[in-house]
Structure formats: C-alpha cells, structure tokens
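Presented below is the structure to which this report refers.
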Amino acid sequence: MTIRPTRRTILGTGSAVALLAGCSKYGDSDNSSSQAASGSPSDSPSSTASATASGGAAAGPELAKTSDIPVGGGTIFKDEKVVVTQPEQGEFKAFSAVCTHQGCTVSTVSNGTIDCPCHGSKFRITDASVATGPATRPLPAEKITVEGNSIRLG
C-alpha cells in the first residue's frame with residue numbers, strides 16, 4: 001500500500017523550506033561575514049563603516065565624489081546596494097542598502113535617517129542603528145575608502 005502525501009503536507013513542507021531559506025539569507029551569516037571583514041567581532045557597525053585613508057590594498061570602483069554626499073545626509077547607490085552617509089563634515093560612513101527587516105532596498109536618506117519604503121523602518125545615518133521599526137537589527141556596515149575627494153567601495 002502506497003501512502004500519498006496530502007496537499008496540506010506538501011504546502012506545509014514547501015512553506016517551511018522557503019522560511020528557512022529566507023532566514024539563512026538574513027541571519028547570523030551576515031553578521032559573521034561583516035565581523036570577519038572588520039577583523040574583530042567586537043567592532044561596532046560605526047567603526048567598521050568609517051572611511052579609511054588608503055595606503056594599503058587597492059580600493060574598488062569610485063562610488064562618488066565627497067562633494068556628492070550631503071553633510072547630515074547620504075546617497076543610496078542602488079546598483080552596489082550601498083548607502084554612503086556624511087553625519088558630520090568630512091566623516092563618511094557606508095552601510096548595506098538592504099533593509100534587515102525583509103530585504104527591501106532603502107529608498108531615501110532624510111532628517112538624519114536612512115528610510116525603507118516597504119514597512120517604514122528607519123536607520124540612523126551615524127551608525128545604521130534602528131531609529132524606527134519594524135526592523136530590529138542595524139544595517140550591516142560596508143567598507144569604503146576616501147582618497148582626496150573620491151569615495152571608493154572597499
């Protein structure tokens with residue numbers, strides 16, 4: 001006698017697989033990769049996002065000129081999925097442009113926050129910490145290099 005799965009069993013299994021796949025994309029693996037890139041798990045997002053003066057490894061392609069990033073605001077680079085902010089004159093930071101709530105790309109930077117259009121999450125431009133939920137985790141830091149008036153990824 002062959003036991004055939006019911007429609008409910010198939011749908012339940014498919015939903016569980018989809019849920020696990022979504023969790024693995026935005027779970028602890030993101031934190032470990034950003035910690036590995038920063039060199040220390042105790043580094044805060046703001047310290048890893050700070051721009052560095054390059055003297056070592058070559059940085060990636062130019063994202064923008066420093067004059068393109070407004071003081072007290074920021075600019076979103078959708079193709080690179082990065083947002084670069086300038087909380088204070090000459091202080092540049094970079095974060096993932098992918099919201100930690102459900103993976104939408106943030107859409108604006110205004111009034112000191114990086115804003116997600118999907119569910120209203122807002123992140124502070126200084127350290128990408130959550131200013132308004134539903135997101136509960138900050139945006140992951142990205143590395144940038146500032147050389148003269150050029151901002152480069154990496």
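Quick grid of which residues meet (1) open to solvent by 40 Å² or more (accessible area, probe 1.4 Å); (2) outside any loop (DSSP other than H, G, I, E, B); (3) without any contact (Cβ under 8 Å) to a residue 60 or more places away in the chain:
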{"residue": "70", "(1), (2), (3)": "yes, no, yes"}
{"residue": "84", "(1), (2), (3)": "no, yes, no"}
{"residue": "95", "(1), (2), (3)": "no, yes, yes"}
{"residue": "118", "(1), (2), (3)": "yes, no, yes"}
{"residue": "135", "(1), (2), (3)": "no, no, yes"}
Does residue 126 meet the test of being part of a strand (DSSP E or B) and either of a type in the set (Lys, Arg) or open to solvent by 30 Å² or more (accessible area, probe 1.4 Å) (or both)?
no
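The values are calculated or read from the model by the stated rules, or taken from the named source; none is laboratory data. Values in this document were obtained by computation on a predicted structure and should not be read as measured data. Positions of Cβ are backbone-derived with ideal geometry, glycine not excepted, and every protein chain shown enters the neighbour counts. Protein only, heavy atoms only, side chains kept; ligands, DNA and RNA dropped before computing areas. Shrake-Rupley method; radii C 1.70, N 1.55, O 1.52, S 1.80 Å.
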